[in-house]
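Report on one structure; see the data block that follows.
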Amino acid sequence: MTAKQIRESIMDKLAEKGISEDVYKGLVDDFVWYWQQEKAMQKDIQKRGRTYEAISSTGKKYEKNNPSVKDALLYSKQMLAILEAMGLNAKSIEGKDFDDDPL
């Protein structure tokens, strides 16, 4: 699924509820932005893993937590909060899987 398809799907659901105020359009844009960021974090996690090897200032190698794991969770929570603010939830956007097509 693409960002455009997600935006259209949410806008359709809002229209079904009779909501067309500009503030909601801004929230939809915010949702799509967070979705894109979460997908980028997921790509980074797939590439580097949950942890990765780093080198300390003294030159020693150590395992470091990938900050993308925490960031992806934060983006996901914000997306859910935005849906809730619009009176929607993931189940109300039937047949749509937001994880199909990263970026």
Can you compute the helix-only [θ] at 222 nm over the chain? Use -39500 (n - 2.57) per DSSP H run of at least 4 residues, normalise by all residues, nearest 500 deg cm²/dmol.
-20000 deg cm²/dmol
Taking the simple approach of a point 7 Å from Cα along Cα-to-Cβ for both T51 and L73, what is their distance in nm?
1.6
³J(HN,Hα) across segment 58-65 via Karplus (A = 6.51, B = -1.76, C = 1.60, θ = phi - 60°), whole Hz, x for Gly/Pro?
8, x, 8, 7, 8, 7, 10, 5
Can you compute the charge dipole magnitude of the chain about its Cα centre, using +1 on each Lys and Arg Cβ and -1 on each Asp and Glu Cβ, nothing else charged? Give it in debye, rounded to the nearest 20.
640
Please compute the per residue accessible area over the chain with all protein chains in place, 1.4 Å probe, rounded to a whole number of Å².
67
If every alpha-carbon in the chain counts as one equal scatterer, what log10 I(q)/I(0) does Debye give at q = 0.10, 0.15, 0.17 1/Å?
-0.36, -0.65, -0.77
Karplus couplings for segment 40-48 from phi (6.51 cos²θ - 1.76 cosθ + 1.60, θ = phi - 60°), rounded to Hz, Gly and Pro as x?
5, 5, 4, 4, 5, 5, 5, 6, 9
Using a 1.4 Å probe over the heavy atoms of the protein chains, calculate the carbon and sulfur portion of the accessible area of segment 14-63 as a whole percent.
48
Positive-end residue, the chain charge dipole about Cα centroid, Cβ charges, pick of Y34, M86, A54
A54
Please report, for the Cα atoms of segment 1-55, the Rg to one decimal and the Dmax as a whole number; what are they, in angstrom?
15.9, 55
Using a Förster distance of 30 Å, how high is the FRET efficiency between K64 and Q36, based on the Cβ-Cβ distance and rounded to 0.05?
0.75
Taking the Cβ-Cβ separation of N89 and K25 as r and a Förster radius of 25 Å, what is the calculated FRET efficiency to the nearest 0.05?
0.85
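The values are calculated or read from the model by the stated rules, or taken from the named source; none is laboratory data. These numbers come from a predicted model, not from an experiment. With ideal geometry, Cβ positions are generated from the backbone for all residues, glycine too; neighbour counts draw on all protein chains shown. To get the accessible areas, we keep the full protein, side chains included, count just its heavy atoms, and leave off ligands, DNA and RNA. Shrake-Rupley method; radii C 1.70, N 1.55, O 1.52, S 1.80 Å.
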